[in-house]
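Working notes for the structure below.
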Amino acid sequence: MSKNTKIVENGGDPRESALNDLFADYTSDGITVLDLPSKGKFYKDFQGIEISPLTYLDEQHILGSREANIDIVSKLLEKSIVGIEVGDLLSMDKIFLLMKVREASYGDNYEFKVTCPNCSTDVTTDLILSKHLNMVTVPDSIEDPRTITLPKLNVEAEIRFPRSKEESFLKDTESIYQNAYRFVLSIAGNKDPIFISKAIKRLHIMDVKKLVSEIVSSEYGVDPRFIFECPECKHEETMSIPLDINFFSVS
Ligand SMILES: [Zn+2]
C-alpha cells in the first residue's frame, strides 16, 4: 500500500517564501479610529473602525471613475474600513473617515489649488487636516432617535439621523424637504407616515427650517472650512477644502 502525505503549504514555490521574507517586517499603515464625531454611539456593538491605506490599484480606480456617475466615496470606504457597514454610517462620520483614509494613504498634509476670489491668482496651498480643521463631536446626552420641539406649532417631533445609504434623499434643499418625512418618526405622537408627510407640507416655514436643520445636523462632524490668505494680495476668505477625486490622489 502507498503511503500518502499531506502537501506542505507554501512549500512548493520558493518565490512565496522570498516574498514573505521581503515583507516580514513591513507594517501596513492601517489605523484604528475610535474618536468619531458621533462617538460611535449609534452603531450596534461599536468597537472602533480599522482603516487600511489605499493601494495603487484603488487610486487608479478612483481616478478612472472621474467621469462615471457612481458613488466612489462609498465604494472606497467599503474597501478601506472594517468594523461597520458603510451604508449605516452617519454623514458626519463618513466625511471624517474619508479624511482618515486619506491620512492612512498619503499622510495628514493635503496640498491643493485655490483661486483667490479677490485677485484671481492660482495659489497652491496646503493644510494639515487634523490640525487646521475643526471637528465637533455630538454631546453625550444626544440620542437617536431624539425628540425636538417645533417652535411655531409647539408640539414635539421625534426624528432620527439619516444614514449614508439615505444620502440621495438629502442631495439638495428641495429633496431634503420632499424626503424629510422619512426621518420623522412621529409628530405630536402620531406615527402614521402619511399623516407625517402631510403635516410637514402644512408646517410654518420656521418649523420646517427647524426640522430640516435638526435632520441634517450639519453642526456635527468635520468642518471643511478654513481661512485662506492670498500671498499676492493678502485677501482673506473662508473657504471649504475641495473633497473631490483629487483628495484621494497625490498628483
Ligand atoms: Zn489674491
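On inspection, residue 79 does not qualify as out of contact with any Phe, Trp or Tyr (no Cβ under 9 Å at 6 or more places or on another chain), in the same structural domain as residue 51 (by TED's automatic domain parsing) and at pLDDT 85 or above. For region 127-177, filtering for residues that are part of a loop (DSSP other than H, G, I, E, B) and in contact with an Asp or Glu (Cβ under 8 Å, 6 or more places away or on another chain) leaves 8.
Selection of strands (runs of 3 or more DSSP E) fully inside region 182-230 by the criterion of at least 1 residues being surrounded by fewer than 18 Cβ atoms within 10 Å (Cβ to Cβ) and at pLDDT 95 or above returns 184-187.
You will find that of 234, 171, the residue that is exposed (fewer than 12 other Cβ atoms within 10 Å of the Cβ), within 16 Å of the ligand (Cβ to nearest atom) and not aliphatic (A, V, I, L, M) is 234 and no other. Among the residues making up region 197-231, those that are over 27 Å from residue 137 (Cα atoms) and either without any contact (Cβ under 8 Å) to a residue 12 or more places away in the chain or more than 16 Å from the ligand (Cβ to nearest atom) (or both) are 197, 198, 199, 200, 201, 202, 203, 204, 205, 229. Comparison of 117, 151 shows that the only residue that is in the same structural domain as residue 187 (by TED's automatic domain parsing) and surrounded by fewer than 17 Cβ atoms within 10 Å (Cβ to Cβ) is 151. Looking only at residues of region 104-126 that are touching an Asp or Glu at 6+ places or on another chain (Cβ under 9 Å) and of a type in the set (D, E, K, R), we find that the one that is nearest to the ligand (Cβ to nearest atom) is 113.
Out of region 166-213, which residues are of a type in the set (Lys, Arg) and over 22 Å from the mean Cα position of the chain (by Cα)?
Step one: list which residues in region 166-213 are of a type in the set (Lys, Arg), which gives 171, 182, 191, 198, 201-202, 209-210.
If the condition is that a residue be of a type in the set (Lys, Arg) and over 22 Å from the mean Cα position of the chain (by Cα), then 191, 198, 201, 202, 209, 210 are the ones that fit.
Just to confirm my filter: which helices (runs of 4 or more DSSP H) fall fully inside region 11-125 and include at least 3 residues that are in contact with a strand residue (DSSP E or B) (Cβ under 8 Å, 6 or more places away or on another chain) and not small (Gly, Ala, Ser)?
On the way: elements: 14-22, 56-64, 72-80, 91-106.
Here the list reads 91-106.
Would it be correct to say that residue 163 is under 19 Å from the mean Cα position of the chain (by Cα), closer than 27 Å to residue 77 by Cα, among the charged types (D, E, K, R) and crowded, with 16+ Cβ neighbours inside 10 Å? Judged against the criteria, residue 163 is a match.
The values are calculated or read from the model by the stated rules, or taken from the named source; none is laboratory data. For clarity, every value in this text was computed on a predicted model and none was experimentally measured. Methodologically, a virtual Cβ is constructed for each residue, glycine included, from the backbone with ideal geometry; neighbour enumeration extends over all protein chains shown.
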